Every structure is written in C-alpha cells, then in structure tokens.
1. Using a Cα-Cα cut-off of under 23 Å, which lysines could be cross-linked to residue 111, ignoring same-chain neighbours fewer than 8 residues away?
2. With no solvent and one equal point scatterer per Cα, compute the Debye intensity ratio I(q)/I(0) for segment 68-225 at 0.13 Å⁻¹ and report its log10, rounded to two decimals.
3. Once a ≥ b ≥ c are taken as the square roots of the eigenvalues of the Cα gyration tensor of segment 172-218, is the result rounded (a/c under 1.5), prolate (a/b larger than b/c) or oblate (a/b not larger than b/c)?
4. If packing is taken as the mean number of other Cβ atoms within 10 Å per residue, what is the order of 130-141, 224-235, highest first?
5. Which distance in nm do the two modelled labels at residue 121 and residue 315 give, with both placed 7 Å along the Cα-to-Cβ direction?
6. What three numbers, in Å, describe the spread of the alpha carbons of segment 73-130 along their principal axes, ordered from the longest?
7. Give the relative contact order (percent, whole number) for the chain; include only Cα pairs under 8 Å separated by 6+ residues.
8. Sticking with the crude label model, points 7 Å out along Cα→Cβ, report the distance from residue 39 to residue 131 in nm, one decimal please.
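Where a number appears in this text, it was derived from the coordinates with a stated rule and is not lab data. All of these numbers come straight from a predicted model, not from anything done at the bench. As a convention, Cβ positions derive from the backbone with ideal geometry for all residues, glycine included, and neighbour counts pool all protein chains shown.
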Amino acid sequence: MNPAPPTLDDVRRAAATIAANVPLPTPLVYSPGLSERLDAHVSLKLDTANPISVFKLRGGINLVSQLPEAERETGVVVVSTGNHGQSIAYAARRFGVRAHVFAPEGANPDKVASMRRLGAEVTLRGARYDDARVAAEEFAAERGMRYVHSSDEPLLVAGVGTAALEVLEEQGPGTEVVIVPAGGGSGGCGWVTVRDGLGHGARIWAVQSAQAPALHDSWRAGRPVGRPNTTIAEGLATASAFAWPLGILASLDDFLLVQDAEIEEGVRTLLDLAHVLAEPAGAASTAAALHEADAGGGRLRGKRVVLVVSGANVTRAQLRAML
C-alpha cells in the first residue's frame with residue numbers, strides 16, 4: 001500500500017528539524033541579467049548553498065533523523081547517481097547510521113568521492129541508474145536493511161518541500177511561476193505540496209531532459225511508463241517513473257522537456273548572466289525558461305519567476321566540455 005502524501009504541516013515540522021542541523025533558508029537571488037534575457041522578474045532559488053551543494057540534503061536530514069532505532073542499527077541502502085546518495089550519506093554520518101550507496105559505474109566521480117568522504121560505503125554497479133537500482137534493492141532485501149527510495153518517501157518529500165515553503169511564504173510570496181528540475185520527482189512533489197497547502201496561486205512547472213523523459217511521459221500518460229535514459233544530466237537520469245510521486249505531481253501546471261544541448265546552454269547562461277555555478281540537472285530550470293522565451297509563447301513575459309537551481313556538483317571535466 002502506498003504511503004499517504006505529506007501535508008503542509010509535515011513540511012513545517014521538517015523545516016524545524018532541518019534548521020536544527022543545517023543553515024536555512026537558502027538564498028533567493030534576483031537576477032537582472034536573466035530578467036532582461038527573459039523579459040520577466042527572475043529570481044534564482046539557490047538550493048545549492050549547503051554543505052553538499054544539492055537540494056536533496058533537506059530530505060536526507062528529515063528522513064534519517066526520524067528512523068526507528070531498529071533501522072538505525074541495521075543501516076540504510078540507497079541507489080543514486082550521486083546527489084541522493086550524498087544527502088543520505090551526510091545525514092547518516094550526522095545521526096550515526098551506516099549507509100551503503102549503489103551507483104552506476106559511470107557515476108560523477110566528484111559525487112562518488114563525496115559520498116565516500118562522508119562515510120558511506122559505495123558500490124558501483126551497472127551501466128545505468130536502473131541497473132544499480134536493482135542491485136541496491138536486492139542487497140537491502142538480503143541483509144534486512146532499510147531501502148530509501150529516491151522519491152517514494154513522504155519524509156524526503158516533506159524535507160525538500162521546505163525550499164518551497166521558504167519561497168512561497170517568506171522570501172517571494174508574490175511568485176507567479178516556479179520551474180523545478182525533475183528526475184524522480186521529489187522536488188516537484190515538494191513544491192506542489194506546499195503550493196496547494198498554502199492555497200498559493202503560483203504555477204509550478206517541472207522540467208526533464210528529452211534524453212531521459214520517463215517521468216515527463218508518465219505524467220502526460222497518467223501512469224508510469226519506461227523510456228530510454230541517455231542524458232548527460234545525471235540528476236535527471238532515470239528510465240522509469242513511480243506511481244506514488246505521480247499522484248502528487250498530478251497538481252503540476254505543466255511539465256516541459258528540453259534537449260541536453262539546451263541544458264548545457266542553461267549552465268553557460270547561469271555563469272554568463274548570474275555568475276552561478278550549476279550542474280546540468282540544476283540548470284534544467286534555466287534551460288526550460290530559455291526554451292519557453294525563445295519559443296515566443298509569452299507565458300513568462302512580465303511574470304515574477306523563480307528558477308530552482310537544485311545542484312552545483314559539476315565536475316571540472318563536465319564544465320570544460322560544456323564551455
């Protein structure tokens with residue numbers, strides 16, 4: 001049976017838990033350059049301003065802090081291309097819990113090094129995320145360890161939803177459009193949970209790579225579907241979607257696809273116009289905004305827009321290739 005979706009009260013409790021362990025809120029920064037480029041009032045939610053430079057830290061802290069004693073003793077297992085694994089590894093070290101992370105063999109080496117630096121055991125398995133996922137699920141079942149899904153976790157969603165609470169209630173209550181990157185969908189789930197709980201009028205758009213469109217296509221179809229995964233943006237890289245987050249994401253106002261080449265342009269644009277460093281997944285929201293503006297649809301023109309920069313864990317090799 002699927003767990004109940006988190007509520008606004010769950011997000012408020014998560015905010016108190018997270019604030020006791022890492023500095024909050026993260027900055028919301030107005031960008032004159034992007035505002036001029038997009039003909040809108042554009043701010044960047046820099047949810048990279050934390051010890052591991054990724055929004056998922058919020059969810060990891062909230063979940064691991066509330067593990068039952070039995071699960072703390074046996075430890076946790078996750079599969080990750082790097083950011084989910086870093087968040088759980090950071091939280092596990094903070095709360096004295098063993099963490100084992102499975103990642104694909106071609107995972108971002110900086111993220112792998114970070115997970116090991118934070119004390120997690122890391123096993124590289126398979127060519128793609130979904131290969132590593134099967135190995136992680138089998139490992140957890142064989143050893144009786146808690147498997148922490150990257151999106152089917154109410155405590156994770158409540159945790160990452162605290163960024164939306166900061167923007168919609170405190171930092172930018174007049175926000176009209178928010179664009180949030182989507183891989184497994186936990187970030188988007190957090191935003192619509194808070195938006196709907198507050199009764200806020202902001203329109204929430206998700207964005208995914210066209211080279212890994214499983215969640216986007218599932219949202220359009222109204223059911224989970226599988227798709228090829230060849231994206232360079234490891235934070236968006238999944239070949240399958242899951243029913244539980246899809247139920248929450250039904251409240252999204254739109255779901256966009258952008259090409260990997262557009263995501264690379266998003267990385268460059270953030271550097272050029274805002275002097276902000278982002279990994280490809282973290283720049284997907286900027287890529288979507290540029291795509292929308294260049295398509296001439298006018299949905300952003302004159303609006304107060306927030307672009308979520310969800311991760312900054314880009315390697316020097318990745319950055320060199322994109323520049």
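1. Qualifying lysines at Cα under 23 Å: 45, 56.
2. Those come out to -0.69, one per q.
3. prolate
4. For the peptides 130-141, 224-235, the packing ranking is 224-235, 130-141.
5. Placing both labels 7 Å beyond Cα along the Cβ direction yields 2.5 nm.
6. 31, 21, 14
7. Contact order relative to length: 21 percent.
8. About 4.7 nm separates the two model spin labels.
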